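Reviewing the structure listed below.
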Amino acid sequence: MRSHDKAYSRHYNLYNRHANRVKDKQDKFYHSKQWQSLRQLVLTKQHYCCQYCLLHDRVTQTKIVDHRVPITFDLKKVDDVTNLDVICPKCHYLKDKFEAKYYGSAQGFSKNNVPELTEIKLIDYYMNHLDQIPK
Ligand SMILES: [Zn+2]
């Protein structure tokens, strides 16, 4: 093995170990009482309606609660109720694609150095116009 391969493999292993630790932390959180009660609060407050569908005058009932700014990008927002939205599977799928491109999220990480997008209308716009996401 050449030395830069070794360095790469070492970096890769460290990266994976760190990613697994972050993932463990996230898994624990999603099984906690704190998350269950936060999630229920948001579902009740938003009437189980997908907040992204509502922007298009569609009423879609669902039980998924999503972090508007992904916690892989900003872990401080993990229990921030203003960062939580009800989202249907179809919008969630689009939002994942947006996040992968904008935040560069993968394997429990976000690597792009970009400002947080907190405006739901803007996020929704980019979800539906992936080609217009700023680089
Ligand atoms: Zn939706």
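The values are calculated or read from the model by the stated rules, or taken from the named source; none is laboratory data. Keep in mind the model is a prediction, meaning the values are calculated, not measured. FYI the Cβ positions are ideal-geometry reconstructions off the backbone, even for glycines, and counts take in every protein chain you see.
Couple of notes before you dig in:
- Within region 74-89, the set of residues being part of a helix (DSSP H, G or I), among the charged types (D, E, K, R), in contact with a strand residue (DSSP E or B) (Cβ under 8 Å, 6 or more places away or on another chain) and touching a residue at least 24 places away in the same chain (Cβ under 8 Å) is empty.
- Test: residue in region 14-33 that is in contact with a helix residue (DSSP H, G or I) (Cβ under 8 Å, 6 or more places away or on another chain), in a helix (DSSP H, G or I), modelled with pLDDT of 90 or more and of a type in the set (Phe, Trp, Tyr): no
- Selection count where residues are touching a strand residue (DSSP E or B) at 6+ places or on another chain (Cβ under 6 Å), at pLDDT 95 or above and of a type outside the set (Lys, Arg), scope region 63-73: 2
- When residues of region 65-120 are limited to those that are on the phi > 0 side of the Ramachandran plot and over 10 Å from the mean Cα position of the chain (by Cα), the one farthest from the ligand (Cβ to nearest atom): Gln107
- Residue match in region 40-62 (condition: more than 16 Å from the ligand (Cβ to nearest atom) and either within 20 Å of Tyr125 (Cβ to Cβ) or crowded, with 17+ Cβ neighbours inside 10 Å (or both)): no
- Any chance Phe98 is surrounded by 13 or more Cβ atoms within 10 Å (Cβ to Cβ), touching a strand residue (DSSP E or B) at 6+ places or on another chain (Cβ under 8 Å) and within 24 Å of Tyr15 (Cα to Cα): no
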